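One structure is given here, and the rest of the page talks about it.
Read the figures in this text as sums done on the coordinates, not as results from a lab. This one's a predicted model, so the numbers in the text were calculated from it and none came from an experiment. Using ideal geometry, Cβ is built from the backbone for each residue, glycine included, and neighbour counts are taken over all protein chains shown.
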Amino acid sequence: MANMTPLAERLRYAIPQGLSLKIGVLLAVGALIAGPLLRILSETLAPQTIAAWSDVVLSPLSRNLLWVPLSNTLVLGIGVAGGCVLIGGFLAWLVVMTDVPFRRTIGLLATLPFMIPSFATALAWSSLFRNSRVGGQTGFLEALGLAVPDWLSWGMVPTFIVLTAHYYSLAFTVIAAALATVNSDLVEAAQMTGAKRGRIFAGIILPVALPAIVSGASLSFAGAVSNFAAPALLGLPVRMQTMATRLFGMIEIGQTARGYVIAILLIVVSAFFLWFGNKVISGRQSYATITGKGGRAKRFELGPVRLPLLAIGMTICALTTIVPVVVLIASSLAPSSSALFSNWTLHYWLGTSNPSIAHGQAGVLHNPFIVSATATTVSLGLVVAITGSILGLMVAFTLARYRTGLVSGVINQIAFLPLLVPGIAFGAAYIALFGAPIGPFPALYGTFTLLVIAGTAYLVPFSVQTGRAVIQQVSGDLEESARLTGAGFFRRLSAITMPLASRGLAAGAIIIFVKIMRDLSLVVLLFTPTTPVLSVLAYRYASEGFTQFANAITVVILVISIAATLLANRLQTKSQPWLKN
Amino acid sequence: MTLKQVLLSTAAAGLLAMPAVAQDLDAMSAQELLPLAQEEGTVTVYSFTSRIAAVEAAFEARYPGIDLVGYDASSTEQIARLRAESAAGIASADVVYISDAPVVLSELLETGLIEAYVPPRMSDLLPKEFKSPLLAQRLSTKVLMYNEEANPDGAPVDNLWDLTRDEWSGRVVMVDPLQRGDYLDLMVEFVLRSEEMAAAYEAEFGVPVTLDPGVEKAGIQFITDLFANDIVLVSSTDDVNAAIGSMGQSNPPVGFTSYSDRRDNEDEGWALQVANDVTPSNGIIFPALLALAADAGHPAAARLAIDFLMGDDSETGGDGFAPFYVAGDYATRTDIVSHPDAVPLKDFSAWRIVPAATAEIRQDVADTILILQ
């Protein structure tokens, strides 16, 4: 034992600073993320499947299999990222920096859209804007006698709007957390020296918020390119395909190898775009501005535009949260999906089996799985929120402190990959890799452990991105001083980084929890019959055409998600200075 | 002999007897299987339809002491699961109840993940095609349907080639065949039946069909013309049903969907009706298959469950078959009569798919459609 300390001491100085940390993190993300994806890659390289590459890239099929879906996907990704940053950033600024009334309400509403499944938002869109192209019942606007053109009912425009309405809350969450850390002394100093609002914004606020803006844009981009529900519902009637709908279709009709090739190309192309975007926007400098000190500045006084801005903010929130939620709830009560607001009944919630309704399906609260599914789902969400946050923090910390070098670059790229992989492909990769025993380790297929590992890996990008936006601003000076006085890595992490970065981490943990709560695509292949989760229950109902039951389960998921957010808000009220006056 | 020794020797004898038992199980009647199944105590059924929940209740009422665990998963998911479980060495499923026959034969039967089983009492009650290579329990459909409220005098279409005329431009709806296997099978059938399609063309337009450059068969020409005529693709059969069936439409589209969805007309406010008098056919009819999972953990209970799902000897198949005795689903058993509200099977004009033939050209047809989109 006596020899250990000097040895450790020597090692500490012999190894270049941070290398062991970097290698450790690299191994972790390598095993969790790169491993399964390499496994998919190797499946496409087998002799009997290698032809899939030429089919996809270089054949008469390529145009519709790859190029057209790819360009649609990129247009959507870039457009949605821009839209989300504008809307999310605007709302974050309104809530955090200004004296607009009802800040707390706007702040809460702006975090909700992400919890509403994107198919519900898409459904809400079509119940308003649907035209007669697909026959059946037309939407609200056509019922009023307005002719809705195809481009507003189907295809790129509605998909773009629905995805922006869904993902802007990610950008909001991240940017709001960053804005709240703007050093008030700087703002106050600028105000006292007579700087105009625009100048304060461009000179102080924007630079501080930039890492968060990049994070928000990246998250929205990745969400948009891998989203399946919205383009499937709104794009198909005009034959608009994205990479995600193509991938799903290929797997669904048994052409798995081609599906995997599409997934790999989606990852490669998106990774390039994200890398390029990050480089252009944030490659120039780093921002370390908070030192854990400084009180709140006076809020910007909006003066005469106070009420108009309130109206704009509230309208955005109402359209993206209240309308979809109302449609969702209504469709869990209405017997006919074509008349959402008539003949409401609680049968789909409470009713006992009645042979004349829905083939005798009893209400969801009679489903024997509802209790166990809820328990499994919530515990999975909690466990993954914790494991994910820890892993995310390690990665974010490593990247923030050692931002240059090959290893950091590789970690950065790998940590972002899962976002680009549609969940079903990630689930398939996990089964391929961990389904069979590896050496001394037993097969994990069908275990809760596998779900936790897969969920943790799949959601790393969220915790890393949100954590990083805050962590980058924890001054390196504090950390440096602690290191010089002999504090070890974990001590520094727990005494300095964690407390200062807690808000960003909490935000990340909520996002992870919510994402796991409602995520279907990842778990659909991983769970075994005896341990269902809520989203799988909802999917089972929906796939059998029992829409009302599916929506009722979705409402349950929504209620749990909102409760989680409210609880988290309450727990961290103390650390939410932007909501105080 | 101590109790322990008795137990051990019994267990050893049981092990020795295992292979013989497994072979015998196939020949046993339900009465003979019952005590063995009760010893096993449980049976897990992977099912592509949620109606397994109703079967579960009926099965447990008939055979108390045996717990039927129904697990509802799409055919694609079942295949992925069975593969993963086999790789992990887990035998979770006992019975597989699955559609998508063309894929099932190559992905599951040929790879040994499932095994065929026909209950002995069925041997005289099923035509050969429904016993081999796998047991078929019933037949489902993807056929041309129309809105009967807007067309009180019957179907507005009497020939498939009608759908390529201008008046049906943008007014034919179906699920994207590159997202759902059964719709791809429908497209494949048009190609397999190219001769009939060519004859139907001549009947409709009075001249022989002319094929575009690069198009080799009348069936492919039909698919090409259908896409050129702006066919509307949606993502689920319920979207098709709502598009065609919703009441109060002045000029509703027609489209391909499941005949049995007509049973939801009242609940959903639809007016779906099947177009049966269509030249050369109104679509496809295909089997729902029952098989044993390889290495089923509960072999006797698995066979008993399959036996139960095939229905009893009454005219409508009794409790086991009740969830499937609806208009638009057809029993494969010759002694179960067609549902009174449905077109009788012998008069139904849909083509019966031959899974092996479908599997052969499935990918080529998918590629053709991919280019058309």
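Averaged over the residues of B:347-354, the number of partner chain Cβ atoms lying within 10 Å of the residue Cβ comes to 0.
Taking a sphere under 12 Å around the Cβ of B:P120 and counting the other residues whose Cβ falls inside, with K and R at +1 and D and E at -1, yields a net charge of -2. Across peptide A:64-70, the average count of Cβ atoms from other chains found within 10 Å of a residue's Cβ is 2. Annotation for the range A:158-215 versus the range A:242-280: alpha-carbon center distance of 32 Å. With R₀ set to 25 Å, the beta-carbon distance separating A:V305 from A:A195 gives a calculated FRET efficiency near 0.85.
Summing Cβ point charges (Lys, Arg +1; Asp, Glu -1) relative to the Cα centre of the protein assembly as shown gives a dipole of roughly 6640 debye. Couplings 3J(HN,Hα) for the range A:180-188, derived from phi with the Karplus relation 6.51 cos²θ - 1.76 cosθ + 1.60 (θ = phi - 60°), are 5, 9, 4, 5, 5, 4, 5, 4, 5 Hz, where x marks Gly and Pro. Report, by chain and number, residues whose modeled amide H sits under 5 Å from the one on A:F300, excluding near sequence neighbours (fewer than 5 apart, same chain). Long-range HN contacts for A:F300: A:T98, A:D99. Going by Cα centres, the range B:180-245 and the range B:135-169 are how many Å apart? Centre-to-centre distance over Cα atoms comes out at 12 Å. In this structure the amide hydrogen of B:D67, modeled in the peptide plane, comes within under 5 Å of the amide hydrogens of B:T42, B:V43, none closer than 5 places in sequence on its chain. Averaged over the residues of B:137-146, the number of partner chain Cβ atoms lying within 10 Å of the residue Cβ comes to 0. Database remark: amide H of B:V234 closer than 5 angstrom to the amide H of B:M174, B:V175, B:D176 (H placed geometrically; neighbours at sequence offset of 5 or more, or on other chains; Pro and chain starts carry no H).
Over chain B, what is the mean sequence separation of C-alpha contacts under 8 Å (at least six apart), divided by residue count, expressed as relative contact order in percent? Working shown, then result.
Details: 679 pairs, mean separation 99.2, N = 373.
Rounded, it is 27 percent for chain B.
Couplings 3J(HN,Hα) for the range B:342-359, derived from phi with the Karplus relation 6.51 cos²θ - 1.76 cosθ + 1.60 (θ = phi - 60°), are 10, 4, x, 3, 5, 9, 7, 8, 5, 7, 8, 6, 10, x, 5, 5, 4, 4 Hz, where x marks Gly and Pro.
Summary of packing: across the peptides A:147-154, A:80-87, the per-residue average of other C-beta atoms within 10 Å ranks them, highest first, as A:80-87, A:147-154. Sum up the charges of everything whose Cβ sits under 14 Å from the Cβ of A:L433, counting Lys and Arg as +1 and Asp and Glu as -1, but leave A:L433 out. Summing Lys and Arg as +1 and Asp and Glu as -1 gives +1.
For the range A:238-254, backbone phi angles converted through the Karplus equation (6.51, -1.76, 1.60; θ = phi - 60°) give residue-by-residue couplings of 10, 6, 8, 10, 10, 4, 5, 5, 4, 4, 4, x, 4, 5, 5, 9, x Hz, Gly and Pro being listed as x.
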